[in-house]
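Single-structure report; data block below.
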Amino acid sequence: MRPRVTTAAVLREFNAPLEIEQVALPADLPPGAALVRVTRTTLCGTDAHLWQGVLPFVGLPLVLGHEMVGEVVALGQSAERDALGRPIGIGTRVVWSESVCGNCYGCTVLREPVLCADRGYGFRQRADKWPFVIGGLSQYTYLPPGAHRLVVPDDIPDTWAAAAGCAVKTVLRAFTNAGGVRPESTVVIQGAGPLGLVGTAVARAAGAGRVITIGGPANRLAIAKAYGADVTISIEETSDPDERVAVVEELTEARGAELVFDFAGSPSANREGVLMCGQRGKHVVVGLAGPQAMPVPMDVVMGREIQVIGSLNGDVSDLDRSLRFLTAFRHRFDWDAMFGTPVGLGGADRAIRDMASQVAVKAVIDPALDLEEITG
Ligand SMILES: [Zn+2]
Ligand SMILES: [Zn+2]
C-alpha cells in the first residue's frame, strides 16, 4: 500500500535541533511523479549552511537533504522510464536531478537545465505545503515530475549514488565548463571538502601534470593526497592567502596555474584563485563566497587574459556521467574514504552539526536504521 505519511527530520528553526516528525505525503501522484523510499542520503556543505540560516529567505519548516537515492514505491502515469529510456517499476533504485520546468529560456533556448528559471531546489519546498517532502532526511520522499531520473546500476553502492546527486555532478560540470584539462597543466583545487576531494580525483584522472589541493584540516588533506594531489597546502599552516599564492608561484616557476577551481567558497577564494592563475589561465567559480567576498583584481584578469568561468551545480547529464565516473575509477580512488558511518534519522541532527563544524567530510544517513526506535 502506498504510504500516506513519512517520518522525517524537520528543520523548524535555524541552528536548532532537527525535529523527528510525521510529515504528510501527496495523496495523489500527478503524471510523471513518483514516491521513493530513501535508502541513503549524504549530506552536503549546503545542507549545513541551510541549517545555519545563511539563506534566511528559506521558508520553514523544511526537510533538508538533496543527495539521495531510493527505491520507487509508487509511480504516477507516464513515469515508467528514466532519462535514458530504461524501465522504472516498483522497487527500481533511482537517483534524480532537481526538477526543471521545460518551458523557460534556460530550459528551451539555452537547453541548460541548471539555468531553469523554476528549478526545484529542495530548500524551496516547505514541509507544510504540497508536496511536502522532496528532501532526503526522510523515510519516503516525493520525486517531482520535472526531475529527470536515472536507474542506478546494481554495482554502485547507495552511498556513492547519493553523493553523485550533488557533489560529484557539480565537480564534473565544472571541469566540463572549464573546457577540460591539458595533460601538462597545473591544476589548483581550492577546498578539501567533498567537492575539493572529488575535484582532486577528477583532475588526476583527467591527466593533469600537477595537482595542488588547498584546504584543511589534515585528515581531509590526507584524502586529497590519496586522491592524487601532488602537493597539498594547509590553510591552517599557511593561513595568509598571499603566502599561498606565493607557494603556487614557486611551484610553477612563477608562471602560475593553467586551471584554478574554487570549490571552497570562502570570501578570499576568488581573489586568491585569480592571483594563482597564470597567463591565459582559467578560474572556475563553484563556491559561493557570500556578501563578504574580497574584490577580484580585474587588472590581473585583463593583464593575464584570465577567463573567469561560473559553474552551477549539475543536470541529469552530469549526474549520469557521475555514476559512470565513480564506477570507472572505483579501483583507483577509495571513494568510501570520504564517507562517515551511516546513522539513522535520529542521528541526522548530529550529522548536520558535524558537517557545519567540518568534523565530518561527508555524513551519511540511512533512514531505515533507527525508524522503530525514533517513532517508538
Ligand atoms: Zn549540495
Ligand atoms: Zn525551465
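Just a few scattered comments:
- Qualifying residue in region 47-60 (condition: outside any loop (DSSP other than H, G, I, E, B), within 15 Å of V152 (Cα to Cα) and open to solvent by 10 Å² or more (accessible area, probe 1.4 Å)): no
- Where a residue in region 6-33 is part of a loop (DSSP other than H, G, I, E, B) and its partner, wherever it lies, is of a type in the set (S, T, Y), with Cβ under 7 Å and at least six apart: L25/T6; L25/Y140; L25/Y142; P26/Y142; P31/S78; G32/S78; A33/Y142
- Output for region 56-73, where each listed residue is under 17 Å from A16 (Cα atoms), within 19 Å of the chain's Cα centre (by Cα) and hydrophobic (A, V, I, L, M, F, W, C): V58, L62, V63, L64
- The condition (being open to solvent by 30 Å² or more (accessible area, probe 1.4 Å) and either over 28 Å from D28 (Cα atoms) or assigned by TED's automatic domain parsing to the domain that holds L288 (or both)) is satisfied by just one residue among L110, L172: L110.
- Filtered by the rule that a residue be surrounded by 16 or more Cβ atoms within 10 Å (Cβ to Cβ) and touching a Gly at 6+ places or on another chain (Cβ under 7 Å), region 226-247 gives S234, I235.
- Top-ranked residue of region 307-328 - restricted to ones that are in contact (Cβ under 8 Å) with a residue 60 or more places away in the chain and more than 13 Å from A164 (Cβ to Cβ), ranked as most open to solvent (accessible area, probe 1.4 Å): L312
- Test: residue in region 100-107 that is open to solvent by less than 10 Å² (accessible area, probe 1.4 Å), more than 22 Å from P61 (Cβ to Cβ), β-branched (V, I, T) and not assigned by TED's automatic domain parsing to the domain that holds V286: no
- Positions within region 253-301 being assigned to a strand (DSSP E or B) and either assigned by TED's automatic domain parsing to the domain that holds H49 or crowded, with 23+ Cβ neighbours inside 10 Å (or both), in sequence order: A257, E258, L259, V260, F261, D262, C277, G281, H283, V284, V285
- Qualifying position, being touching a Phe, Trp or Tyr at 6+ places or on another chain (Cβ under 9 Å) and of a type in the set (S, T, N, Q), among T176, T186, T200: T200
- Matching entry among F123, F175 (being closer than 30 Å to I374 by Cβ and under 15 Å from the mean Cα position of the chain (by Cα)): F123
- In this structure, R244 does not satisfy being on the phi > 0 side of the Ramachandran plot and not assigned by TED's automatic domain parsing to the domain that holds R119.
- Residues in region 331-352 that are under 22 Å from A192 (Cβ atoms) and open to solvent by less than 70 Å² (accessible area, probe 1.4 Å) were compared, and the one that is nearest to ligand 2 (Cβ to nearest atom) is I352.
- Residues of region 203-225 classified as open to solvent by less than 10 Å² (accessible area, probe 1.4 Å), under 20 Å from the mean Cα position of the chain (by Cα) and farther than 19 Å from E236 by Cα, total: 1
- Scanning region 36-46 for residues that are closer than 30 Å to R2 by Cα and not in a strand (DSSP E or B) yields L43, C44.
- Those helices (runs of 4 or more DSSP H) of region 178-252 in which 2 or more residues are of a type in the set (D, E) occupy 241-251.
- Test: residue in region 102-125 that is more than 16 Å from ligand 2 (Cβ to nearest atom) and not hydrophobic (A, V, I, L, M, F, W, C): yes
The values are calculated or read from the model by the stated rules, or taken from the named source; none is laboratory data. Computed from a predicted structure; not experimentally measured. A quick note on method: Cβ atoms are made from the backbone with ideal geometry, for glycine too, and the neighbour counts reach across all protein chains shown. These area figures cover heavy atoms from the full protein model, side chains too; ligands, DNA and RNA do not enter into them. Shrake-Rupley method; radii C 1.70, N 1.55, O 1.52, S 1.80 Å.
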